[in-house]
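Please read the structure below before turning to the comments.
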Amino acid sequence: MASHDEYDFRTFPAAVAEDGTPDPASAAWLQAETRGFHDPRKSEKVLARSVERLTADGRRLTGVYARTAPAGALGVEVPVATFAWFPSTLNTGGAEPLDVHLVSNVTVRPTHRRRGLLRAMMTADLEQAVDDGYALAGLTASEAGIYRRFGFGEASWVRHVTVTTDSRFRMVAEPRGRCELIEAASLRTIGPEVFARFHAGHPGSIDRHAKYWDRATGLADDKGEPDDAVHAAVHYDQSGAVDGYVAYRFQGWEKEPYTLGIVDLVAADDEAYLGLWDFLGAVDLVERIEWEFAPMDDPLPFALTDSRLVKTTFVEDWLWLRVLDVERAFAARGYANDGEAVLDVTDPLGYAAGVFRLRVTGGVGSVERVDRSDSMTPDAVVDAAALGSLYLGGVDPRVLAAAGRLSERAPGGVQRLRALLAPVAPVYGITHF
């Protein structure tokens, strides 16, 4: 590990000047982050729009800067590592969403790896999150093997699916409501209200950030370029109110079977969800739909006369959570069952370490820190990453026990924990960050 005396660590807000140009530090940081994810270099126009989105999110950027650089190499003004965080909300199944500290845009230049830069950025960031009063931190991971060591655990998943929409595609019952085509640009105003209803109804949902509305409207794709191929439709409920939308893109005549790719699909309820799929199944000249954000508990196969038309091609870990304040996090969560359980949590970073008694009465949880003693046997022992996996209820404690990630200490402890942490609704989110 190299000495950190070779580097400067700087944290600053993403910013755009009055004339619309990104400030130089933000621009250099973003070009470094772009390189880290193997994306094309951004044009000045795309760069400006990208920094605008970071600014709209309220992202604070951390860059690690080498103090010297060889002749001909990237200059010292370009960070060798990037890191960002921004505030959002998480639906925990409780009465109100919980403020959450989101980690994103993490890269380390390959020529500066294994020097402790990621650990330094992450530990400083988590300390700041605690100082700012956050009970939870979250991230979505490009590489799954990195973040458990910092106490993050996989808490939700999505499925990549293909749905065959040939002559066999038929619903068991016709969904209520109707769908109509719209200009994709209209989602700039329609989309946020629909998403707010989805967000309120799904534990595991993270609120949307600025990039999503650019993507759904076709204003800019993931690379920041305009995407005129995006089209959209909305679903109306029986009263005529919009309660769902889908943005999609035809994937070209050279791809067979002819396929639509879903850019974004958001439904306020199950009727809207199935109604949008009924619309997609009726699109002419298309025999397959591809979507990368389908729920694990998906009603679509059961709504079709032939469930085999829906095929899972990949299951992707989605939201990773890090508990920073056990008492506040678990008190803010929703509960389907009353009861009591005691957890012994180990945490090398110290934030979640301790023995905690969780009581739920009338669906409301309270947490008490208790002293370790020989007379008190906890129901289970977990580390901080496993606690993050358990938090929303999307992971069965029995599965963690079978994997050696949870140790039952009191007879029946795993079953008590399973009943107590059951989610109030299926855990599902569609916001990547």
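Miscellaneous remarks
- Residues located in segment 65-94, provided they are of a type in the set (G, A, S), out of contact with any helix residue (DSSP H, G or I) (no Cβ under 9 Å at 6 or more places or on another chain), more than 21 Å from D5 (Cα to Cα) and surrounded by 13 or more Cβ atoms within 10 Å (Cβ to Cβ): G93
- Every residue from segment 210-260 that is closer than 17 Å to D270 by Cα and of a type in the set (S, T, Y): Y236, S239, Y245
- Hits in segment 29-46 (condition: basic (K, R) and under 21 Å from F9 (Cβ atoms)): R35
- Residue within segment 410-419 that is surrounded by 22 or more Cβ atoms within 10 Å (Cβ to Cβ), on the phi > 0 side of the Ramachandran plot and at pLDDT 95 or above present: no
- Going through (1) open to solvent by less than 20 Å² (accessible area, probe 1.4 Å); (2) more than 18 Å from A210 (Cα to Cα); (3) outside any helix (DSSP H, G or I) one by one, L61 falls short only on (2).
- Of all the listed residues (G404, G394), the sole one being over 30 Å from V194 (Cβ atoms), open to solvent by 30 Å² or more (accessible area, probe 1.4 Å) and in a loop (DSSP other than H, G, I, E, B) is G404.
- Test: residue in segment 161-178 that is part of a strand (DSSP E or B) and open to solvent by less than 10 Å² (accessible area, probe 1.4 Å): yes
- Residue within segment 351-361 that is touching a residue at least 24 places away in the same chain (Cβ under 8 Å), of a type in the set (A, V, I, L, M, F, W, C), open to solvent by less than 30 Å² (accessible area, probe 1.4 Å) and touching a His at 6+ places or on another chain (Cβ under 9 Å) present: no
- Residues in segment 324-350 that are among the charged types (D, E, K, R) and in contact with a helix residue (DSSP H, G or I) (Cβ under 9 Å, 6 or more places away or on another chain) were compared, and the one that is surrounded by the fewest Cβ atoms within 10 Å (Cβ to Cβ) is E340.
- Boolean, P97 is crowded, with 21+ Cβ neighbours inside 10 Å and modelled with pLDDT of 95 or more: no
The values are calculated or read from the model by the stated rules, or taken from the named source; none is laboratory data. Bear in mind the structure is a predicted one, so any value in this text is a computation, not a measurement. Note: ideal-geometry Cβ built from the backbone for every residue, glycine included; neighbour counts use all protein chains shown. Surface areas here come from the heavy atoms of the whole protein model, side chains and all, with no ligands, DNA or RNA. Shrake-Rupley method; radii C 1.70, N 1.55, O 1.52, S 1.80 Å.
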